[in-house]
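The values are calculated or read from the model by the stated rules, or taken from the named source; none is laboratory data. Here the structure is a predicted model, which is why all the values come from computation and not from measurement. Cβ placement follows ideal geometry from the backbone for every residue including glycine, while neighbour counts extend to all protein chains displayed. Areas reflect the complete protein model, heavy atoms only, side chains present, ligands, DNA and RNA absent. Shrake-Rupley method; radii C 1.70, N 1.55, O 1.52, S 1.80 Å.
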Amino acid sequence: MYLYIKSLHIIFVVTWFAGLFYIVRLFIYQTEALQKSEPEKGILHAQLSKMARLLWNVITWPSAIITLILATTLLILQPVWLQQPFMHIKLTFVFFLYLYHFSCHYIYKKLQKGEIKYSSTQLRIWNEVATLFLVAVVFLIVLKNELDWIWGTIGFISFGVLLMVAIKIYKALREK
């Protein structure tokens, strides 16, 4: 039973991340659409709001909830994992990932009302935060206690810096 639950957990983690990656992309499009003039603004906002609503409520939220239920079940079935240091770090990242999810919900609610809180550039940067969480959690799960915390921290920060540089380069190319 454990392996079936673990398989479902992985599937719902994937769908949750797919939703998190795409919802922020939709936030970018909504923000840019709200800065256009009518009738384009109204048409785009209506369509993008519908897409965001369906993604958020049908895929992303259910996946986040099912992921949490399955993860809790896995830890109940294998409580020994809670004695491992890597699991404490992973769960810390997961906690912050849920905070990220809640912050996306806040942005979602604002944009559904047509309120722009962040620029498209800020949202592009925000979109990469989920990538940082994904990389951190995957490396922790695969390497477990083999990952030296110093090298892990250096790698995490380096990856974050590389993402920011890539965003700057993309912005420069987009503005040309």
Low-density loop positions, GluC sites (Glu not before Pro), segment 75-168 - DSSP coil, at most 13 other Cβ in 10 Å:
Glu115
Can you give the accessible area per residue of the chain, in Å², using a 1.4 Å probe?
61 Å²
Give the ranking of His88, His45 by solvent-accessible surface, highest area first, calculated with a 1.4 Å probe.
His88, His45
Could you work out, for the chain, what percent of all Cα-Cα pairs fall into each 5 Å distance bin, beginning at 0 Å and stopping at the bin that holds the largest distance?
1, 7, 15, 18, 16, 15, 12, 7, 5, 2, 1, 0
What accessible surface, in Å², does a 1.4 Å probe find on Tyr108, ignoring ligands, DNA and RNA and rounding to the nearest 10?
10 Å²
Could you work out what % of the accessible surface of the chain is carbon and sulfur, using a 1.4 angstrom probe and leaving DNA, RNA and ligands out of the count?
72 percent
Let me cross-check Phe96: its accessible surface, 1.4 Å probe, with only protein heavy atoms counted, in Å² to the nearest 10?
100 Å²
Please state the shape class of segment 60-100: rounded when a/c is under 1.5, otherwise prolate if a/b exceeds b/c and oblate if not, all from the C-alpha gyration tensor.
oblate
At the level of C-alpha centres, the distance separating segment 1-28 and segment 103-128, in angstrom, is 20 Å
Using unit Cβ charges (K, R positive; D, E negative) and no other charged atoms, how large, in debye to the nearest 20, is the dipole of segment 1-143 about its Cα centre?
160 debye
Placing unit charges on C-beta atoms (Lys and Arg positive, Asp and Glu negative, everything else neutral), compute the dipole magnitude of segment 1-77 about its Cα centre in debye, rounded to 20.
100 debye
Under 30 Å between C-alpha atoms is the cut-off here; go through segment 62-176 and count lysine pairs that meet it, provided they're at least eight residues apart or on different chains.
14
In terms of the charge dipole of the chain, which places +1 on Lys and Arg and -1 on Asp and Glu at the beta carbon, the residue among Ile69, Tyr106, Phe86 farthest towards the positive end is Tyr106
For Ser7 paired with Ala172, estimate the spin-label separation in nm (one decimal), with each label point 7 Å from Cα along the Cα-to-Cβ line.
4.8 nm
Residue-level accessible surface for Met87, protein heavy atoms, 1.4 Å, Å²
10 Å²
For Ile23, Ile11, Ile125, write out the residues from largest to smallest accessible area, computed with a 1.4 angstrom probe and no ligands counted.
Ile11, Ile125, Ile23
